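No value in this document is a laboratory result; all are computed from the given coordinates. No experiment lies behind these values; they were computed from the predicted model shown. Neighbour counts are summed over all protein chains in view; Cβ atoms, including those assigned to glycine, are modelled from backbone coordinates with ideal geometry.
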């Protein structure tokens, strides 16, 4: 999955989902990479945190190479639920990265380890609680308003984190790659002096909209083959 994501971005994946009518789920604003230029893609390995590291160790036992550990810590900002030892163990288990709905700690060590980790940010305080475990804990994780499972894949980069149904991931990546090619060509033409307004026949769009107020720019872009806005 990470190989297919190479050269793409979460905005391109999001646009592809819109074009294909695939339900895309975005993580809440603020979840970002611990290390600069961090990015990851892979099957979701869900886990719910209740105050103890044992849930991570259990999840690692079921991990497949390239999985991404997705931690549901309820978006808490009063404790860090992941640190250097848990991240080192994730790497040893073949996990490709970690995405946390919550906080991390041991930032310098995480940067040195090099495994992509995404979270709300850092806090030195670890968990001081031990909550009762829910029956569905091994199967699903919540991330903001979304519920994710091993049936999903996750994409994460500098623009944020997205969850996509696994059975549509290949189609989404193929469409995202096509959008990327179109946008790169458009960018090269702009740099060469061919404005985006001319490329998208914007004057023609304004005329059509004047005659038909329901005619949208998105419809127009589909007609002329532009990629922007989706």
For segment 125-230, alpha-carbon Rg relative to the globular expectation (2.2 N^0.38 Å, N residues): 1.67
Global form of segment 172-224, assessed from the alpha-carbon gyration tensor, a/c cut-off 1.5: oblate
Highest-MSF residue in the chain out of 174, 112, 151 [GNM, Cα springs under 10 Å]: 112
Cα long-axis angle, helix 10-20 against the chain (0 to 90 degrees, to the nearest 10): 60
Percent antiparallel among DSSP beta bridges (both partners in segment 74-230, rounded to 5): 65
Sorted by Cβ neighbour density within 10 Å, fewest at the top, the residues 113, 82, 190: 190, 113, 82
Ranked list, fewest to most other Cβ atoms within 10 Å of each Cβ, for 214, 149: 214, 149
Spherically averaged projected area in nm², based on the convex hull that wraps the Cα atoms of the chain: 14.5
Contact order relative to length of segment 1-146, as percent, for alpha carbon pairs under 8 angstrom and 6 or more apart: 29
Segment 71-162: equivalent-ellipsoid semi-axes (sqrt of 5 x gyration tensor eigenvalues, Cα, Å): 19, 17, 14
Max mean-square fluctuation residue, GNM over the chain, Cα-Cα springs under 10 Å, options 12, 162, 57: 57
Relative packing of 180-186, 35-41, which averages over residues the other C-beta atoms within 10 Å, highest first: 35-41, 180-186
Degrees separating the helix 169-191 axis from the principal Cα axis of the chain, which is the longest one: 50
Sequence of 47, 29, 53, 154 once ranked by neighbouring C-beta atoms within 10 Å, starting from the fewest: 29, 53, 47, 154
Packing-based order for 126-136, 67-77, using average beta carbon neighbours within 10 Å, highest first: 67-77, 126-136
Within a Gaussian network of the chain (alpha carbon springs, distance under 10 Å), most fluctuating of 211, 33, 63: 211
Distance histogram for segment 23-65 (every C-alpha pair counted, 5 angstrom bins, percent rounded to whole numbers): 5, 14, 17, 22, 27, 14, 1
Share, in percent, of DSSP beta bridges within segment 2-167 that are antiparallel, nearest 5: 55
